[in-house]
Amino acid sequence: MQPVLKNKSDSSYAQPLLTLGVDLDAVAHNYLLLSGKMKTGADCGAVVKADAYGLGAPEIARALYARNCRHFFVATFDEGLLLRRALPKDALLYILHGPHGAEGADFISNDLIPVLNTLDDIAYWSQQGQRPSKQGQRPKALLHLDTGMNRLGLTEKEAHVAAEKDLLTALDLRYVLSHLACADDPAHPKNREQLDLFKKLAAAFGKPLRLSLANSGGIFLGEDYHFDLARPGAALYGLNPGPGPNPMRNVVTLKARILQQREITQKGTVGYGASRAVEPPAKLAAINIGYADGYLRHFSDHGTVVINGEKCPVAGRVSMDLIVADITHLKTPPGDWAEIIGPAHPADAAAAEAGTIGYEILTSLGKACKRTYIAS
Ligand SMILES: *Cc1c(COP(=O)(O)O)cnc(C)c1O
């Protein structure tokens with residue numbers, strides 16, 4: 001005898017198992033909100049490194065270009081090349097990690113503008129103008145001054161050397177930038193310290209320079225931090241740029257299929273390592289997402305998913321491509337889907353459960369999940 005299909009319609013079987021929806025209208029909205037906050041005359045660019053924080057650099061950059069964004073920051077030459085092919089010619093593409101990973105001539109022929117981080121970078125890049133084919137044209141560059149990250153950029157001492165020895169004359173210097181360590185915490189005294197040092201170092205060059213300091217959080221620190229160009233990333237993708245309520249619109253919605261539900265009829269445990277005990281009455285749902293999809297294993301016994309608008313805790317360990325959620329408390333039977341990330345449970349909230357930041361949630365999911373784009 002044929003078993004009778006009890007819980008699902010035939011058509012539900014053909015649905016996808018996992019969808020990472022990226023709302024390009026929300027990205028555009030967030031860009032306009034950020035650029036609208038900039039002081040008069042200052043530009044707002046976009047940081048689209050790491051494949052636009054996992055959301056797809058070509059698609060994101062094209063949506064931003066359509067809203068008149070012209071300054072795009074990526075980490076590497078390869079990322080820059082991908083965008084050069086995706087965007088109209090007048091898009092300005094900056095390579096944060098400097099003139100590494102490809103020949104100088106290839107940077108120049110693709111109009112990729114490196115950020116110079118060291119004195120060696122400056123010397124190397126200045127030579128590019130001396131090639132016979134360049135006829136003395138000065139190569140375009142950005143210069144990075146370190147004001148407290150101790151990561152990339154000239155140290156205070158090196159900045160003074162560059163200024164005193166006039167090391168920038170062979171360059172077509174577009175912007176001088178620095179990066180804030182604590183911009184998401186407006187009360188942190190380091191913000192003001194970095195601002196003051198940035199102004200002091202820039203002044204040491206003794207000529208007018210276009211400056212760029214603010215990332216997402218920096219835009220919200222006020223006009224003192226805006227200078228000529230801002231470089232937001234996270235806030236474009238809906239992450240909260242500060243400690244208060246999030247002013248940005250949600251961009252990412254990750255949904256996974258519920259594959260099976262079960263009623264617990266006797267005492268037992270859930271998943272690998274038997275880390276979570278269950279006893280009746282309890283109901284569990286097995287959901288199609290795991291660490292191979294970029295859903296961090298740190299969510300084991302800590303994560304939350306949303307089913308029928310209600311939060312359900314992840315029960316037991318995250319498997320390679322499955323999790324189990326406790327749905328005992330649901331008042332209505334769950335449908336086919338669990339929302340893993342979305343308006344009801346944003347990336348920032350999920351990050352807190354896994355002991356990380358929204359940036360890591362987005363980049364790890366974006367790398368592993370197939371993305372679909374929503375745009376009007
Ligand atoms: C990543 C990055 C940004 C963007 O920072 P968000 O916090 O994502 O806004 C800006 N500037 C530099 C140098 C960066 O590396």
Complete set of residues in the stretch 57-74 that are more than 19 Å from ILE113 (Cα to Cα) and touching an Asp or Glu at 6+ places or on another chain (Cβ under 9 Å): ILE60, ALA63
All but one of (1) touching a strand residue (DSSP E or B) at 6+ places or on another chain (Cβ under 6 Å); (2) closer than 18 Å to ARG257 by Cα; (3) touching a residue at least 24 places away in the same chain (Cβ under 8 Å) hold for THR332, so report the exception by its number. (1)
Kindly indicate which of ASP224, ASP301 is away from the ligand (no atom under 15 Å from the Cβ), in a loop (DSSP other than H, G, I, E, B), acidic (Asp, Glu) and modelled with pLDDT of 95 or more. ASP301
Wholly within the stretch 68-117, which strands (runs of 3 or more DSSP E) include no fewer than the required count, namely at least 1 residues that are within 17 Å of the chain's Cα centre (by Cα)? 71-74, 92-95
If you take the residues of the stretch 196-211 that are without any contact (Cβ under 8 Å) to a residue 40 or more places away in the chain and within 16 Å of the ligand (Cβ to nearest atom), which of them is nearest to the chain's Cα centre (by Cα)? LEU211
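Results for (1) more than 18 Å from LEU142 (Cα to Cα); (2) of a type outside the set (S, T, N, Q); (3) out of contact with any Pro (no Cβ under 8 Å at 6 or more places or on another chain), shown as yes or no for each residue.
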| site | (1), (2), (3) |
| --- | --- |
| ASP184 | yes, yes, no |
| LYS190 | yes, yes, yes |
| GLU193 | yes, yes, yes |
| ASP196 | yes, yes, yes |
| PHE205 | no, yes, yes |
| LEU213 | no, yes, yes |
| GLY222 | yes, yes, yes |
| HIS226 | no, yes, yes |
| ALA235 | yes, yes, no |
In the stretch 1-54, how many are in a helix (DSSP H, G or I), touching a residue at least 24 places away in the same chain (Cβ under 8 Å) and over 26 Å from ARG231 (Cβ atoms)? 1
Could you list all residues from the stretch 126-162 that are in contact with a helix residue (DSSP H, G or I) (Cβ under 9 Å, 6 or more places away or on another chain), of a type in the set (Gly, Ala, Ser) and within 22 Å of LEU96 (Cβ to Cβ)? ALA141, GLY148, GLY153, ALA159, ALA162
What about PHE198, is it out of contact with any Phe, Trp or Tyr (no Cβ under 7 Å at 6 or more places or on another chain), at pLDDT 95 or above and outside any helix (DSSP H, G or I)? no
For the stretch 58-80: of the residues being over 18 Å from ALA230 (Cβ atoms) and in contact with a strand residue (DSSP E or B) (Cβ under 7 Å, 6 or more places away or on another chain), which is farthest from the ligand (Cβ to nearest atom)? GLU59
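The values are calculated or read from the model by the stated rules, or taken from the named source; none is laboratory data. If you're wondering where the values come from, they're calculated on a predicted model, not measured in any experiment. Note that we place each Cβ from the backbone using ideal geometry, even for glycine, and neighbour counts take in every protein chain shown.
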